[in-house]
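Read through the structure below, which is laid out as structure tokens, and then see the notes.
Just so it is clear, none of the values below were taken in a lab; they were calculated from the coordinates. All figures in this text were calculated on a predicted structure; none of them were measured in a lab. Glycine also receives a Cβ, built like all others from the backbone with ideal geometry; neighbour counts cover every protein chain displayed.
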Amino acid sequence: MFDFLFKRATETSAVPTAPAASPEQVAASAATASRRDEQTRRAATLDGNEAAAVALILESEFAGVRLSAAEHVTSRPALEQVLAAVRNTDRRVAKLMQGRLDAIRYQQAEQQKAQACLEQAQRLLADEKLTPNQVAELDRQWQVVADVPTLAADYAAARAALAARLEAQVKLQRTIIDAMAAVRKLPEAGLPADEALLALERHAAAQAAYQQAPEHNALPRHLLSDFAAALEQTRAALTAPQKQAVLAEPAPAPTPVAAVTAAAPAAEAAPVKPARQPKPASKETDKKFLEIMDALEAALEQGQLHTAAEHDKWLREHKTRLSPAQTDHLNHVRAELKRLGDWARWGGNVSREELVKAVEELPGQKLAMSELAKKVGSMRDRWKALDAVSGHAPKSLWERFDAACTTAYAPAAAHFKQLADERHANAAKAHALIAETQALAETVAAGGADLKNVAAAGQRLRQMWGRLGTIDRKEKRKLDHTFDKVLAHMLSPLSEQRKLEAAKREELIVEAEALDPAERHTLDQLRRLQERWQEQAKALPLERKTEQALWQRFRAACDAIFAKRKESAHAADHERKAHLHAREAICQQLEEATFSGDDKAQLAAIAKALKDAATAWNASGTVPRAAEARISQRYHNATGKVQAQAEAIKRRAGAAQANALRDKLRLTQALEGELVTDAAIDVAGWQARWAELPSLGNDYERALQGRFHAALAAVDGQRREYAAQLERNRARLLDEILRLEIVAGVDSGAEFARERLKMQVEVLQSSLKSGQKPQSASAAYLQLCAMPALADARAASRIEQLFRRIGAAERT
């Protein structure tokens, strides 16, 4: 079944044959192929020759050759040259060149970043005051730089040197702190005075080494001075007993108070007088003093320097008698407080320096005004917090910070001033709008304004009030109250009228809800209600919320009606579809109908089927309009098909009847021809031949049967008389044939032209005289068949021709 596919695929005639190439085209193609091969060989032998690759790319007209040569172009000048040449002609090569240029630019940018980090590291190495935060910032900058092998080793060496310096700083600072702690512990170590002094001298000798160390400039500002003070205090503590031993009569060591430095000598005068004892303090004071001392020490351990300073201030304001051990412990705690305070001041100054730097960088950050104000405020708060923790800052540093904050805040100050001016201007606009509203209210109260215009004015005023802009909060509240009061006074007549209009809208809603969706004129009534609604809305609009709520209700009522009608329409459509299915079933039954039995039974079955189909068709009802023409045409075609079967059966039966009529007429004419001869006639034989022919069952059967039996009856009795009658009727027969040919419109032949013309005149005159309708051709032919008369071959042929014409007319 698929032979036609293979046939089409193999047919050479279906594929158009390309015209033969001319010799010039063949030569040009060969030259092009030769150039391509030669350039391909050149591209294969480039082997990194960038200049040759660039030249080949610029001169080649083949994209593949250019792409192969482009693989050997790597330098930036060559890449830029090739990109400029092929940017608009070779997309692949241009993309390759652009990608390599981008990679080179990226590598150069990373190289510059790495070089900047290396230079920064070298500057930090040359800086005497190296700080850890500078190295941490350097590390952050290096982490975002891609790997640069050419500078990685140099940077690693510089970073290692910086790490070594930081480690030396930490080591030196730790050494000085440990030495200072050891110096402060010498008076309590219990060593002999000589050994203690010798150890103290060793620490004093180390002080010079500390001051000459390479990283001494990076030490905290007061660390060396604290160490020197510790040396002096310890030396004084160690030499005091020796000075007292020189005295003639040593006095008992006085107990220092909290406000006196520990181990202060009292040997300035030659006679040693006993120290004046303070007044004994109460036990409650001693207990609270000791509690404050413990709180001071606990605050120092927790790093709460500000709290510790408050405790020390209280201790200095309240004096009490302490034991030597308690006095030494208090002095040690105060020394630690001083050390931590020095550290805090140093750290506070460092933090202040960073704070000043951060404030100075704010103008370049392009922050929003609100964020800028918050930033400056937070910076000032942090400065105050540092004052509370680390003490007051130097005046010069404070002036620098204050100037930076003022400069950074200047755009925000100008911005906020502009906003304040705008608020004042908006307030002036608000007053003007209130005055305008008041004037309109007076006009409305006098009855000189249209309510529709009042509604539009009220909406306009509300919109203008909403677009006023920002106003100071207190003033805005007062202005809002005044405006609402004046506007309400202006709109009071409008409110009363709107209540009436709202009632009218309610009536429209009730009318819409009362409509019957099934009535015929419901849509017209609903349309009129909608028009009335629009007219009322145009005449006087209600408040937006009220209008919207009423409109939603009215629209819901309208939608309900449309929904119910749509539901009814859906039901009707469903019913029409059911009718369509019923009619389709009728058509299918007619299209698939088959009839069996003889011709009569088939005709009866066909007639019943057509009648039943017509009855069911008329009872099925309407169908969808879109399918009406299609299903009607299908029904017409189906009934036409069934009727065609009936017509075929009828034609077949008519043909059989016509053949039987012809055969019986011929048999009768043959019997009458035998009567005029002297030949013997076998009556039984002729009767048998007549019986073999089918019965016509109509007037022709009776006419021919009477004529045939009359001829048989004449065989035995009146043969001569009957033969004479047949002879006499010959002329009459010819006249009737001619007359019938005229009536049926059949050609009579040239030999009967004169008689035909004469007969036509007689027929016309006879019909005009009688005034009656001429006899039909069928009745005349029936009389012709019933007339006993001799007929030759020509007459018999004319009779059969008349039969064919008249029979065809009757069947039609």
Using 7 Å Cα-to-Cβ label points, what is the Asp102/Glu496 separation (nm, one decimal)? 7.7 nm
Label-point separation, Trp314 to Gln548 (7 Å along Cα→Cβ), nm: 6.5 nm
For the pair Ala713 and Ala619, what calculated FRET efficiency results from E = 1/(1 + (r/R0)^6), where r is the Cβ-Cβ distance and R0 = 56 Å, to the nearest 0.05? 0.40
Would you mind checking the tilt of helix 683-692 against the longest principal axis of the Cα atoms of the chain, expressed as 0 to 90 degrees and rounded to 10? 10 degrees
Helix 753-770 versus the longest principal axis of the chain: what angle, 0 to 90°, nearest 10, using Cα atoms? 90 degrees
Can you run the Rg to Rh ratio on region 533-647? Use alpha carbon positions and the Kirkwood inverse-distance Rh. 1.44
Taking R0 as 51 Å and r as the Cβ-Cβ distance between Ser568 and Ser378, the FRET efficiency 1/(1 + (r/R0)^6), rounded to the nearest 0.05, comes to 0.10
One finds, for Ser29 and Ala63 with R0 = 30 angstrom and r their Cβ-Cβ distance, a FRET efficiency to the nearest 0.05 of 0.95
How high is the relative contact order of the chain, in percent, counting Cα pairs under 8 Å that sit 6 or more residues apart? 5 percent
Sequence neighbours fewer than 8 away in the same chain don't count; with that in mind, list the lysines whose C-alpha is under 17 Å from Lys564. none
Diagonalise the Cα gyration tensor of the chain and give the resulting equivalent ellipsoid semi-axes, square root of 5 times each eigenvalue, largest first, whole Å. 138, 53, 31
At most 13 other Cβ atoms within 10 Å and a DSSP loop assignment: could you name the chymotrypsin sites (Phe, Trp or Tyr not before Pro) in region 487-577 that fit? none
Alpha carbon centroid spacing (whole Å) that separates region 170-227 from region 507-540: 106 Å
Structure shown: which of Lys129/Lys357; Lys478/Lys545; Lys417/Lys474; Lys395/Lys417 lie over 20 Å apart, alpha-carbon to alpha-carbon? Lys478/Lys545; Lys395/Lys417
With axes computed from alpha carbons, what is the tilt in degrees of helix 473-514 against the longest principal axis of the chain, rounded to the nearest 10 within 0 to 90? 20 degrees
Residue-span extension gain [Lys95 to Glu301] - 0.36 nm each, minus C-alpha spacing: 67.5 nm
Along the Cα-to-C-beta direction of Thr150, a point sits 7 Å from the Cα; which residues of region 99-133 have their amide N less than 12 Å from that point? 107-115
Considering Cα pairs under 8 angstrom that are at least six residues apart, work out the relative contact order of region 392-513 and quote it in whole percent. 35 percent
Residue-normalised 222 nm signal for the chain, counting each DSSP H run of n ≥ 4 as -39,500 (n - 2.57), nearest 500 deg cm²/dmol, is -27000 deg cm²/dmol
To make sure I understand the rule: partners must be lysines, Cα under 17 Å from the Cα of Lys758, and not fewer than 8 residues away in the same chain. Which ones qualify? Lys769
Show which aspartates and glutamates lie in cross-link reach of Lys185 when reach means a straight Cα distance below 14 angstrom and same-chain residues fewer than eight apart are skipped. Glu195, Glu232, Asp328, Glu336
Describe numerically, in nm with one decimal, the distance between label points set 7 Å from Cα along Cα→Cβ at Leu523 and at Ala795. 7.9 nm
Before anything else, pin down the relative contact order of region 36-147: Cα pairs under 8 Å, at least 6 apart, normalised by residue count, whole percent. 18 percent
Full-stretch length increase - Ala679, Glu195 - with 0.36 nm per residue and alpha-carbon distance subtracted: 154.8 nm
Taking only Cα atoms of region 438-492, what ratio of Rg to Rh do you get with Rh as the Kirkwood inverse-distance radius? 1.03
With just the Cα atoms defining each centre, how far is region 463-497 from region 656-684? Give it in Å. 126 Å
